[in-house]
Structure formats: structure tokens, C-alpha cells
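Enquirer: Okay, handing you the structure first.
The values are calculated or read from the model by the stated rules, or taken from the named source; none is laboratory data. Source: prediction; values computed, not measured. Cβ: placed from backbone, ideal geometry, glycine included. Neighbour counts: every protein chain shown. Heads up: the accessible areas ignore ligands, DNA and RNA and are worked out on the full protein's heavy atoms, side chains in. Shrake-Rupley method; radii C 1.70, N 1.55, O 1.52, S 1.80 Å.
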Amino acid sequence: MRQVRIRTALVGCGAFANAALVPAMHAAGIDIVAVCDPDAARADATMRAARAGAAYAEMSEMLSAETVDAVVMAVGPAIYPMLAKQAFAHGVHVFVEKPPAITLVEAEVMKSVAVKAGKQLVVGFMKRFATGYRMAREISQEGDFGVVKMVNARITSGVWTPAWSKTLTPFSFVLDHSVHFLDLMRFFGGPADWVSAVKTEASDERFGFAVLLGYASGAAGLLEISNYESRGVPNERVQITGSKGASVTVENVTRVTYTRDAEPMVAGRVFSPQRERLVWEPNMTNISAENASLVHMGYVGEMRNLANALTAGLPVTPSIEDGIAALALAHAIVESDGRRMNLQSTGELRNVAVH
């Protein structure tokens, strides 16, 4: 039986879309039937790279002319709310790269429009599908791990201005690359009740936040995000600790260390296969498509997830609900200034200024 392939259109033909989304969609068996970008040269080049049949300058024109199941957008949070509304009017599902919007009000309107249209709105938090983080999540849900009690994470992203923001500010820094880790904190620890953050600043373009989260489950989270260090060095670490003496640590996506309740060093101590530390790393000597960086980083996994769920008619996660939760965290972190911010009632965050 021939496998059903979903038909998509790509909106946004920039460097990121070409480097990550186009090859990931191909690896996931997704057909890109058309592309859209106001820059004709970029649209034409991406059309050829994506093996698409047409290129357009306007999304509405493209969706009127083409038959697709979904649009995949990589154009930035300032324009997603408008484009998503247009896409839903054409009766298609929508995937947007993170973050889905700049304000909570905009994101909530996007959710409302998607529900009214009866279509899905998916947010590109690809780190959920990264090899190491996927393994860590599976380990943390095993009975021997116990209940998650602590989530500790650290990321540094280097100094750079997000493409959707004209200037680099603490808010644009948190909302852009760092928002991945705001989603991961929820992915591993569950819903958060409150957050408190302290900003550290070295200059107009170098800053960071030390973040404390209180989870609805009673667990606690610690997150350090900054742009003090170069992106040229390894820059990610996450550790999840359970209630039964176990923890799992992921370093730079591909090194997973599972530490169990092992015996301390005493006279005559023996090796216990059931209780010693286990370490996993990819075998890069093996010629395999699954060893590609786009697989280990999660881009292929998120596109497979999108294709499989839409084909089966199932809900797709991460959804706009996850996008709204991460967006609320981003606003709260920037606004906190050491104060405890309640995340269960986001009304106080809806109209905060963008710094």
C-alpha cells in the first residue's frame, strides 16, 4: 500500500528555511509543492532546492492556486498572526517556527482563529525531538526514575540579533533562541505555577537571566540563559532529577548520562550493571541518515511528527497552547526583576511592553 504523503507550502525562503526546514521536510517524506517569499530570487532558488512546482510572492495567491494540507512558515513572530489567519481562511493547517507571536494577546487570537477554522496550529519547538532530549524524556518517565523533582538547564547563545527584531534587547534575546529552553523546562517538568528571574547585564548587547521556576507538581526548576559565551563553543546542558535517586543529563544534544542510585565507593565495591552510570553518544563512524545533525537537533523529528499526526488525523504537539505557555514564561522572565510572577493567571502579562 502506497504511503500517504502530506502536501505542504513553504512560506519564507531565508537561510534558516533552506538549511533546516527544506531538508528536514524531505527526510520526513513531506512534499513541498510550492514556496512563497516576496524576494523573487530567494523564492526561485528555494523552489529549485525544495523540488517544488511553483514560487509565489504572496501567500494568499499561492493558497488560492495550490492544493495543500498545511503551510510551514519561517518568517518571524511579528507576522505569524496575520499570515496564520489568512492560511486558516484557505482551510489549511499551519506550522510556525518559534515563537508564534510577540504578545500573549496575539497568540491567543491565533489559537481562537485556529479553533474556529477547525485546523491545527503547530509551533516549531524542535528540541523536543532532539535525540538526547527525547531519550531523557523517556528515561524520566520510567518507573525506576520516580517523579521528576528538579529540572536544571543552562544555555548560552552568543551575541546576535534575531532576524525578526530590529535590535537586540533582553526581551528579543529571551523570546528568540532562548524560548526553546523555556519550552524544554515545561517539556520535562510539566506546567509551571510561577517564575522569578534576575537579570545580569554587561553591556547593551550582553546579558543573561538566572531563573527559578515552581512547578504545579511541586518540582523546582533552575534555568540559566545568557549570550555571554560564543556560539562557537558547546553551549547546552539539561539535567532532570527524579525522586528515586536517579538523574539524566543531556550535554549538547548528543551525550546522555543516566545516573542511578549506585553504591558509594567502599572496600570491596563491585560493578553493578543494574545501578551504575550509563552514557550514550551517537556512533558517528556509522554511515547512517539518522546520524545527520538535522536528526540529532530535532528538525527531522518534528517534521516526521507533523506528517504522521496530520496523516492520521491526530492532534499535533507542540501546539499553540505550548507556544502560549512559553511566551508567557518569556514575558514573565523579562518583567520579573526578582519578583515572583504567577503563571496561572497570565492577564497581568498580556499587555506588557516589549523591551
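Enquirer: Can you give the Rg to Rh ratio of region 300-344, both from alpha-carbon atoms, with Rh computed by the Kirkwood formula? Mind showing how you got there, number by number?
Expert: Details: Rg = 15.4 Å, Rh = 12.6 Å.
In region 300-344, Rg relative to Rh is 1.23.
Enquirer: For the chain, with a Gaussian network of springs between Cα atoms less than 10 Å apart, report the residue from 58, 263, 106 with the top mean-square fluctuation.
Expert: Top of the fluctuation ranking is 263.
Enquirer: Just to confirm, what accessible area per residue do you get for region 288-329 at 1.4 Å probe, in whole Å²? Walk me through the intermediate numbers first.
Expert: Details: 1540 Å² over 42 residues.
Counting only protein heavy atoms, the per-residue value for region 288-329 is 37 Å².
Enquirer: A further question follows. With the calculation restricted to Cα positions, what are the radius of gyration and Dmax of region 16-97 in angstrom?
Expert: 11.8, 30
Enquirer: Rounded to the nearest 0.05, what FRET efficiency do residue 159 and residue 79 give with R0 = 25 Å and r taken as the Cβ-Cβ distance? Could you check?
Expert: On the way: r = 25 Å, r/R0 = 0.98.
Here the calculated transfer efficiency is 0.50.
Enquirer: Pick out, in residue order, every one of the trypsin sites (Lys or Arg not before Pro) in region 1-104 that is DSSP loop and has at most 10 other C-beta atoms within 10 Å; say none if there are none.
Expert: On the way: sites: 2, 5, 7, 42, 48, 51, 85; in loops: 2, 5, 51.
Answer by residue number: 2.
Enquirer: Between residue 40 and residue 344, with labels modelled 7 Å along Cα→Cβ, what's the label distance in nm to one decimal, could you check?
Expert: Result for the modelled spin labels: 5.7 nm.
Enquirer: Return the distance in nm (one decimal) between the two label points of a simple spin-label model at residue 271 and residue 16, each offset 7 Å from Cα along Cα→Cβ.
Expert: Going from the residue 271 label point to the residue 16 one covers 4.5 nm.
Enquirer: Rounded to the nearest percent, how much of the accessible area of region 163-276 (1.4 Å probe, protein heavy atoms only) is carbon and sulfur?
Expert: On the way: 2850 of 5250 Å².
Heavy-atom surface of region 163-276 belonging to carbon and sulfur, 1.4 Å probe: 54 percent.
Enquirer: Still on this structure, please answer the following. Give me the one-decimal nm value for the distance between modelled label points at residue 244 and residue 290, 7 Å along each residue's Cα-to-Cβ direction.
Expert: 2.6 nm
Enquirer: Kindly flag which residue pairs out of 127/166; 98/199; 98/166; 85/111; 127/149; 98/149 have an alpha-carbon separation exceeding 19 Å in this structure.
Expert: Details: 127/166 26 Å; 98/199 23 Å; 98/166 17 Å; 85/111 10 Å; 127/149 21 Å; 98/149 27 Å.
Flagged as over cut-off: 127/166; 98/199; 127/149; 98/149.
Enquirer: Additional query: How far is helix 40-50 tilted off the main Cα axis of the chain, in degrees rounded to 10, range 0 to 90?
Expert: 60 degrees
Enquirer: Same structure, new question: So which residue, out of 143, 338, 189, gets the largest mean-square fluctuation from a GNM of the chain using Cα contacts under 10 Å as springs?
Expert: In the Gaussian network model the winner is 143.
Enquirer: Send over the Kirkwood Rh of region 280-320, from the inverse of the averaged 1/r over different Cα pairs, rounded to one decimal Å. Intermediate values should be presented prior to the final figure.
Expert: Values: mean 1/r = 0.0853 Å⁻¹.
Computed over region 280-320, the radius equals 11.7 Å.
Enquirer: Now a separate question. Peptides 228-238, 16-26: what's the order by average Cβ count within 10 Å, highest mean first? Mind dumping the intermediate values first?
Expert: Numbers: 228-238: 14.5, 16-26: 20.6.
Highest to lowest by the protection proxy: 16-26, 228-238.
Enquirer: How much length is gained if the chain between residue 116 and residue 312 is pulled fully straight, taking 0.36 nm per residue apart and subtracting their Cα-Cα distance, in nm to one decimal? Intermediate results must be reported in sequence, preceding the final value.
Expert: On the way: separation 196, 0.36 × 196 = 70.56 nm, distance 2.09 nm.
Full extension from residue 116 to residue 312 adds 68.5 nm.
Enquirer: Okay, next question. Going 7 Å from the Cα of residue 4 along its beta-carbon direction, which residues of region 288-310 have the amide nitrogen within less than 12 Å of the resulting point?
Expert: 308-310
Enquirer: For the chain, take the longest principal axis of its alpha carbons; what is the angle in degrees between that and the long axis of helix 320-336, to the nearest 10 within 0 to 90?
Expert: 60 degrees
Enquirer: Taking Rh as the Kirkwood radius, which is the inverse of the mean 1/r over Cα pairs, what is the Rg/Rh value for the chain?
Expert: Values: Rg = 21.1 Å, Rh = 21.4 Å.
A ratio of 0.99.
Enquirer: Estimate the FRET efficiency between residue 61 and residue 167 by the formula 1/(1 + (r/R0)^6), using the beta-carbon distance for r and 30 Å for R0, to the nearest 0.05. Mind dumping the intermediate values first?
Expert: Numbers: r = 32 Å, r/R0 = 1.08.
Efficiency computed from Cβ-Cβ geometry: 0.40.
Enquirer: Now for a separate question. Using Cα atoms only, what is the angle between the long axis of helix 299-312 and the major principal axis of the chain, expressed in degrees (0 to 90) to the nearest 10?
Expert: Approximately 60 degrees, to the nearest 10.
Enquirer: Mind putting together the pair-distance distribution for region 164-250? All Cα pairs, 10 Å bins, whole percent per bin, short to long.
Expert: Taking every Cα pair in region 164-250, the percentages come to 14, 46, 30, 9, 1.
Enquirer: One-quarter of the Cα convex hull surface for region 147-186, in nm²?
Expert: Working: hull surface 12.8 nm².
Here the figure is 3.2 nm², rounded to one decimal.
Enquirer: Skip the ligands, DNA and RNA, and give the accessible area per residue of region 90-211 with a 1.4 Å probe, whole Å².
Expert: Values: 4580 Å² over 122 residues.
Averaged over the residues of region 90-211, the accessible area is 38 Å².
Enquirer: Then there's this: For a quick check, take a GNM of the chain with Cα springs below 10 Å and name the residue from 275, 134, 255 with the largest mean-square fluctuation.
Expert: Judging by the Gaussian network model, the answer is 275.
Enquirer: From the C-alpha gyration tensor of region 1-158, pull out the three semi-axes of the equivalent ellipsoid (sqrt of 5λ each), sorted largest to smallest, in whole Å. List each step's numbers first, then the result.
Expert: Numbers: eigenvalues 182, 74, 57 Å².
So the equivalent ellipsoid measures 30, 19, 17 Å along its semi-axes.
Enquirer: Using a 1.4 Å probe on the protein heavy atoms only, what accessible surface does residue 139 show? Give it in Å² to the nearest 10.
Expert: The value for residue 139 is about 30 Å².
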